[in-house]
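What follows is a set of notes on a single structure, which appears directly below.
Readers should treat all values here as calculations from the given coordinates under stated rules, not as data from a laboratory. Computed from a predicted structure; not experimentally measured. Quick reminder, even Gly has a Cβ in these numbers, built from the backbone with ideal geometry, and neighbours come from all protein chains shown.
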Amino acid sequence: MVFSMPLEEYKRKRKFDQTPEPPAKVEAKAGHRFVVQKHDATRLHYDFRLEMEGVLKSWAVPKGPSLDPADKRLAMQVEDHPVSYFDFEGIIPEDNYGAGTVMVWDVGTWQPLSPVPVQGKYVAGTEAEAVAMLAKGDLKFRLDGKKLKGDFALVKMKGRRPGSKGTEWLLIKKHDDHEVEGYDIDAFDESVLSKRSLAEIAGDEGSAEWRSRPSGRGKLKAAWLADAVAKLDKKNLAKKPIAKKKLRN
Ligand code: MN
């Protein structure tokens, strides 16, 4: 398995002295939260993450999730992320892995569904079933988020096409009361944490200050970064009680 070493790939790709992203850490307790981050990197995409086995199992979804069962959204599995990344919103500086603006687009909880429907309806499954379904490449789950609700499946594509890396999955909405025909994700460009649009996050004070500084001067850059990290920590601290409270709903 490509992702068998928890967080090794995540650590390898990041320079923690240059980015406000959280360092790698495997959590002991297993939670069942999910997060979707809208990420304006080299190419705009959405990162879909399920908290599972002490890490965030992660997929990059170019077109983002959809509530329309007719949309089968390509989801590229990427390296596991640390649970502390859960509510990261802000800017990853240039020259760092994943450089760009990150919005927390949706948060909530998820539960595994039993792989076998009962009388045509999916029922709650167990953690063990979820682990087995993930390994098998057909994970069924129910989301209870602010934007995404209802039953979904992540289905691994058989890697037989030329150029396939074996990391391609499809994120599919199942038919239920939460489906929305013709779902348009672009109509929901708003952070669930800060209500800001992606452009607003990109253009906030910290990033404007950073861009106005001359580049290539280690000392200045580092000084700015220290400020930015301190600001972000303050923001995250201030936000945490709210985010947690929301998640209990
Ligand atoms: Mn991303």
(request) Mind listing the long-range amide H neighbours of Ser114? Cut-off is under 5 Å, sequence gap 5 or more, other chains count too, H placed in the peptide plane at 1.01 Å from N. (result) Val123, Ala124, Gly125
(request) With label points built 7 Å along Cα→Cβ from the Cα atoms of Glu94 and Glu200, find their separation and express it in nm. (result) 2.6 nm
(message) Starting from the Kirkwood Rh over alpha-carbon pairs, what translational D in µm² s⁻¹ does region 8-209 have by Stokes-Einstein at 25 °C and 0.890 mPa s?
(response) 140 µm²/s
(request) Return the long-range amide H neighbours of Leu170 (sequence gap of 5 or more, or a different chain), with a cut-off of under 5 Å between placed amide H atoms. (result) Ala75, Val155, Lys156, Met157
(request) Would you pull out the residues with amide H under 5 Å of Gly108's amide H, same chain only if 5 or more places away, H placed 1.01 Å from N? (result) Phe34
(request) Rounded to whole Hz and in sequence order, give me ³J(HN,Hα) for region 42-52 from the Karplus expression 6.51 cos²θ - 1.76 cosθ + 1.60, θ = phi - 60°, writing x for Gly and Pro. (result) 3, 9, 4, 7, 10, 9, 9, 10, 10, 6, 7
(message) Just to check I understand the Karplus step: with θ = phi - 60° and J = 6.51 cos²θ - 1.76 cosθ + 1.60, what whole-Hz values come out for region 184-200, glycine and proline as x?
(response) 10, 5, 5, 6, 10, 8, 8, 5, 6, 8, 10, 6, 7, 7, 4, 5, 5
(request) Determine the alpha carbon to alpha carbon distance for each of Lys38/Lys173; Lys63/Lys136; Lys11/Lys147; Lys63/Lys146; Lys72/Lys121 and list only those over 27 Å. (result) Lys11/Lys147
(request) Quote the FRET efficiency, to the nearest 0.05, computed for Ala70 versus Val116 with a Förster distance R0 of 25 Å and r equal to the Cβ-Cβ distance. (result) 0.55
(message) Just to verify a number: FRET efficiency for Ala128 and Glu181, C-beta to C-beta distance, R0 = 35 Å, to 0.05?
(response) 0.50
